[in-house]
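What follows is a short report on a single structure.
Bear in mind that the values in this text are calculations on the coordinates, not laboratory data. What you see is a predicted model; the values in this text were computed from it and never measured. Backbone-built Cβ (ideal geometry, glycine too); neighbour counts: all protein chains shown.
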Amino acid sequence: MEKRIRWWLNARFGMFIHWGLYSGGELDCWMMHDMGVPADEYAARLLPRFTASRYDPDTWMRMAKSAGCKYVILGTRHHEGYCLWNTATTEFNAVATTPGRDLIAPFVKSARRAGLRVGLYYSLFDWRDRSYWVGPRRDPDGWDRMVGVTHAQVRELLSNYGRIDVLWFDGAWPDLSGRWGFQPDRNDLAKAWQSRKLIRMARRLQPAILINDRTGVAADFGTPEQSMDWIDATLQGESRRPWELCDTLGDLWGYAPVDRNRKSAREVLLRLATCASRDGNLLLNVGPRPDGSIPAWQASRMSQIGAWVRRHAVSLYGCEGEWHRPFTTGLAPWRVTRKGHRLFLHLFRYPGSRPFSIARHHPYHLVRARLLDTKKALRIERESGRDILHGLPATAPDPIAPVVELTVRPGARQDVPL
């Protein structure tokens, strides 16, 4: 797997796109479920609104690249079952309804032209299907039919659009009401969805593809969602398998003007740097309008994020997380990444011009230090087991987080307590 996933580990930052029939409801992609809207009413209300009339994937790719993203992942079918391509399995798709065309092909082609890696999101279940609600034990024939549709649709997605780099599954969990009659563990879920068979098919069609962990099979990488708490609580002391935090610019995923709790560029970048410092990626979501245009506030936020990423790219792309204890304590005013013999300290709490103590008993011989933003050299003083930096300006040279680059000598120091 190492060779297949290397590009993804180096990328650190991707753009998620939640766009589909639910976008016309302006209340996020869980509207049908959470508001109890019947399937027929839902379709009648939203199909005329989802027009894709201003859909221009080249604009999406320019935004992704300007933000510093290295890959893009588009939702092809969400939990409502609406498909953005000309599937042979149902007419509940973008070709047979208002858009009147396949929306996946131009997305993939545009991403390739832009030099971005391509991923497709796919939800396993369909809220419109009764079999999902009653479960595999109570309706085995209906369940097998539904799973057959799922496998057929995934086969179409991986057969018709050239190389696909990531297959991002969702929706393996049971009906939240408990009507399945049991609480399945990971093995039960994999059996219910025939996940191992599904993954074998995916790898046969796309040998280099990366697959996430949301089918009941661990596959290539983990997918914590929105919560930073998971990172510190789960990763410390684990084997540190590849993982990616999927997160939103607001609270919600799909187009939702009512979603006013919007993250600042600083908050997003703190999450990005935290992920990188723990060997993880950030997959940041945008939610286009039903016509395909991106809300101005989201485009603006992505531009602000990109301005910082461009200035500090060397401290993110291709870097590893720094796991030594002195660099990972919760009150430390930094997030630390490493590339070869260089450490990068992302100063989200800027200390000002006073002498700056890096950490006590860290395992490195520090040779040089400079402020990445200005290229200014900093002086290192060794004192009582600490390395202290001198020479930072009184005012932060970057309003979000300046970065200090430290060059270290190979080999661990001998005065670090075990």
Between the modelled labels at Ser357 and Asp185 (7 Å from Cα along Cα→Cβ) the distance in nm is 4.7 nm
Most fluctuating of Asp40, Asp175, Asp165 in the GNM of the chain (C-alpha, under 10 Å) is Asp40
For the table Lys70/Lys376; Lys3/Lys70; Lys191/Lys263; Lys109/Lys263; Lys65/Lys197, the rows whose alpha-carbon distance is greater than 27 Å are Lys70/Lys376; Lys191/Lys263; Lys109/Lys263; Lys65/Lys197
Restricting to Cα pairs under 8 Å and 6 or more apart, the percent relative contact order of the chain works out to 16 percent
Candidates Gly115, Gly171, Gly25; GNM for the chain (alpha-carbon contacts under 10 Å) flags as most fluctuating Gly115
Residue span Thr395 to Trp173: 0.36 nm per residue of separation minus Cα-Cα distance leaves a gain in nm of 75.0 nm
If amide H atoms are modeled at 1.01 Å from N in the peptide plane, then the residues at a separation of 5 or more from Glu80, or on another chain, having amide H under 5 Å from its own are Trp127
With label points set 7 Å from each Cα along the Cα-to-Cβ direction at Ser227 and Arg386, the distance between them in nm comes to 3.5 nm
For Gly222, the residues 5 or more places away or on another chain with a placed amide H closer than 5 Å to its own amide H are Trp243, Glu244
Per the C-alpha gyration tensor (a ≥ b ≥ c, the square roots of its eigenvalues), the range 10-69 is rounded if a/c is under 1.5, else prolate if a/b beats b/c, else oblate; here it's oblate
Mean Cβ-within-10 Å packing, highest first, puts peptides 315-322, 262-269 in the order 315-322, 262-269
Along the range 118-125, Karplus-curve 3J(HN,Hα) (6.51, -1.76, 1.60; θ = phi - 60°) to the nearest Hz, with x for Gly and Pro, reads 10, x, 10, 8, 8, 8, 5, 9
When the chain is treated as a Gaussian network with springs between alpha carbons less than 10 Å apart, the largest mean-square fluctuation among Arg301, Arg382, Arg360 is found at Arg382
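Given 0.36 nm per residue, what is the gain on full extension from Glu267 to Thr90 after removing their alpha carbon distance, in nm? Working shown, then result.
Values: separation 177, 0.36 × 177 = 63.72 nm, distance 4.11 nm.
Taking 0.36 nm per residue and subtracting the Cα distance, the gain is 59.6 nm.
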1/(1 + (r/R0)^6) with r = Cβ-Cβ of Met201 and Arg240, R0 = 35 Å, i.e. FRET efficiency to nearest 0.05, evaluates to 0.75
Between the modelled labels at Glu2 and Lys339 (7 Å from Cα along Cα→Cβ) the distance in nm is 2.1 nm
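What does the helix-only formula give at 222 nm for the chain: each DSSP H stretch with n ≥ 4 adding -39500 (n - 2.57), the total divided by the residues, and the result rounded to the nearest 500 deg cm²/dmol?
Calculated from helices alone, the mean residue ellipticity at 222 nm is -8500 deg cm²/dmol.
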Exposure-ranked with fewest Cβ neighbours within 10 Å first, Thr274, Thr337 stand as Thr274, Thr337
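How would the range 322-409 be classified by its alpha-carbon gyration tensor: rounded, prolate or oblate, with rounded meaning a/c under 1.5 and the a/b versus b/c comparison settling the rest? Present the calculation step by step, with values, prior to reporting the outcome.
Numbers: a/c = 1.33, a/b = 1.25, b/c = 1.06.
Judged from the Cα gyration tensor, the range 322-409 comes out rounded (a/c under 1.5).
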Whole-Hz Karplus couplings 3J(HN,Hα) for the range 295-301, θ = phi - 60° and coefficients 6.51, -1.76, 1.60, Gly and Pro as x, run x, 4, 5, 5, 4, 5, 5
Quotient of Cα radius of gyration and Kirkwood radius for the chain, i.e. Rg/Rh, equals 1.02
When Lys65, Lys376, Lys70, Lys3 are ranked with the fewest other C-beta atoms within 10 Å first, the list becomes Lys3, Lys376, Lys65, Lys70
The farthest towards the positive end of the charge dipole of the chain, of the residues Val166, Pro184, Gly135, given +1 on Cβ of Lys and Arg and -1 on Cβ of Asp and Glu, is Val166
Given unit charges at Cβ for Lys, Arg (+) and Asp, Glu (-), the dipole magnitude of the range 165-309 about its Cα centre in debye, nearest 20, is 340 debye
Given a Förster distance of 30 Å, the FRET efficiency implied by the Cβ-Cβ spacing of Ala152 and Ala208, rounded to the nearest 0.05, works out to 0.85
Once normalised by the length of the range 285-403, the mean sequence separation of its alpha carbon contacts under 8 Å that are 6 or more apart gives a contact order in percent of 21 percent
For Val286, other-chain or 5+-apart residues with amide H closer than 5 Å (H placed, Pro excluded) are Phe16, Ile17, His18
Site Arg311, offset 7 angstrom along Cα→Cβ, radius 14 Å on amide nitrogen, limited to the range 1-29, gives none
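Taking the Cα centre of the chain as origin, work out the dipole magnitude from +1 charges on Lys and Arg Cβ and -1 charges on Asp and Glu Cβ, in debye rounded to 20.
1900 debye
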